[in-house]
1. What is the one condition in (1) at pLDDT below 90; (2) on the phi > 0 side of the Ramachandran plot that residue 176 does not satisfy?
2. Select, from 227, 205, the only residue that is surrounded by fewer than 19 Cβ atoms within 10 Å (Cβ to Cβ), modelled with pLDDT of 85 or more, aliphatic (A, V, I, L, M) and assigned to a strand (DSSP E or B).
3. Do you know which residues across the stretch 155-185 are β-branched (Val, Ile, Thr), within 16 Å of residue 252 (Cβ to Cβ) and either within 18 Å of the chain's Cα centre (by Cα) or not in a loop (DSSP other than H, G, I, E, B) (or both)?
4. Let me confirm something: among 137, 103, 146, which residue is farther than 15 Å from residue 50 by Cβ, of a type in the set (D, E, K, R) and in contact with a helix residue (DSSP H, G or I) (Cβ under 7 Å, 6 or more places away or on another chain)?
5. Could you say which residue among 169, 232 is β-branched (Val, Ile, Thr) and surrounded by 18 or more Cβ atoms within 10 Å (Cβ to Cβ)?
6. Inside the stretch 10-45, can you point out the residues that are of a type in the set (Phe, Trp, Tyr) and over 18 Å from residue 149 (Cα atoms)?
7. So which pairs qualify, if the first residue must be in the stretch 190-201 and over 19 Å from residue 88 (Cβ atoms), the second must be aliphatic (A, V, I, L, M), the Cβ gap must be under 6 Å, and the two must be at least 6 apart or on different chains?
8. Output the qualifying pairs, or none if there are none: Cβ atoms under 9 angstrom, residues six or more apart or on different chains, first residue in the stretch 241-262 and within 23 Å of residue 97 (Cβ to Cβ) and loosely packed, with under 11 Cβ neighbours inside 10 Å, second residue hydroxyl-bearing (Ser, Thr, Tyr) and at pLDDT below 85.
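The values are calculated or read from the model by the stated rules, or taken from the named source; none is laboratory data. As the structure is a prediction and not an experimental result, all values here were calculated from the model. Cβ: placed from backbone, ideal geometry, glycine included. Neighbour counts: every protein chain shown.
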Amino acid sequence: MHSHVASPVRNRDIQKQFAVAVVIPTVLRPHLRWALESVFRQDLEGSIQVLIGIDKPLGERSLLDALLLEAPPNVHITVLDPGYSTSVRHGGIYSTHYGGALRTILSYLANSHYIAYLDDDDWFAPGHLSSLLTAIRGHAWAYSLRWYGHPARPEGLCIDEWESTGPDTGIFKERFGGFVAPSCMMLDKSVCHMLLPFWSVAMFADGGGEDRRIFEKLRGHGFPGSATHRATSYCTLDPNDAAHPLRIEWMRGKGVDLPDDWLEGPPRLVGR
């Protein structure tokens, strides 16, 4: 196992709990730069712990090495690289294709009560963490809204009012009771710690749906949530995703003017 610690918060004992932790499972896709840089730009005055877990390195490690040097003084980064994947997709044990057990492991490792999640091709607006921390006080979890993001550059086109819209809303209202994507979510792990293993358990045969399983547990087992009512997360549109044509159809129905490069996007690493 290889682990690496970078950018310790200056003049701070890192045994002291952080204001918030951000968990990022990755296969080292190029979009990881957007994700990490967006954490570096947060307007939160408190300390931030970033926990990066490498599932199967499909991209270049030099990208991550360069990013570690850019962390601001209030950000502490821990990189966990077991040297193998925990996902069945790559020969591991756990059924979630997208990181295997990494979200669970890193959630327990986080030295903070409050954990935000970020996919390695998504990114945050500067006020994302601060607004979630305000919303979560007195609640087990909190969530933001999100933008659909351009696959080739870090910009949003329209707010997602279709998928990740919260409990009892959106296209998944009838089937799942709504939905909140991981990159929109913050958990208080002192309340939700028994739910953390479900990040490692896929709901669907294709290895996905662990995010819906977590949402189902939060919604159905008496964990009170709170909304920021702000769209502060960005979800990169993936032309390889089976739902991509449906998202395009929904945006066109909303009158969104879609440039051609929104429909295709650059060549991308397949998998997460």
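1. Residue 176 satisfies every listed condition except (2).
2. Numbers: 205 fails: assigned to a strand (DSSP E or B).
None of the other options fit; the residue is 227.
3. Just the residues of the stretch 155-185 that are β-branched (Val, Ile, Thr), to begin with: 159, 165, 169, 171, 180.
Then drop every residue that is not within 16 Å of residue 252 (Cβ to Cβ), which leaves 159, 171.
Across the stretch 155-185, the qualifying residue is only 159.
4. Numbers: 137 fails: in contact with a helix residue (DSSP H, G or I) (Cβ under 7 Å, 6 or more places away or on another chain); 103 fails: farther than 15 Å from residue 50 by Cβ.
Exactly one of 137, 103, 146 is farther than 15 Å from residue 50 by Cβ, of a type in the set (D, E, K, R) and in contact with a helix residue (DSSP H, G or I) (Cβ under 7 Å, 6 or more places away or on another chain), namely 146.
5. Working: 169 fails: surrounded by 18 or more Cβ atoms within 10 Å (Cβ to Cβ).
Within the list 169, 232, the selection yields 232.
6. Taking the stretch 10-45 as the starting set, the residues that turn out to be of a type in the set (Phe, Trp, Tyr) are 18, 34, 40.
If the condition is that a residue be of a type in the set (Phe, Trp, Tyr) and over 18 Å from residue 149 (Cα atoms), then 18, 40 are the ones that fit.
7. Hits for this filter: 191/140; 192/140.
8. none
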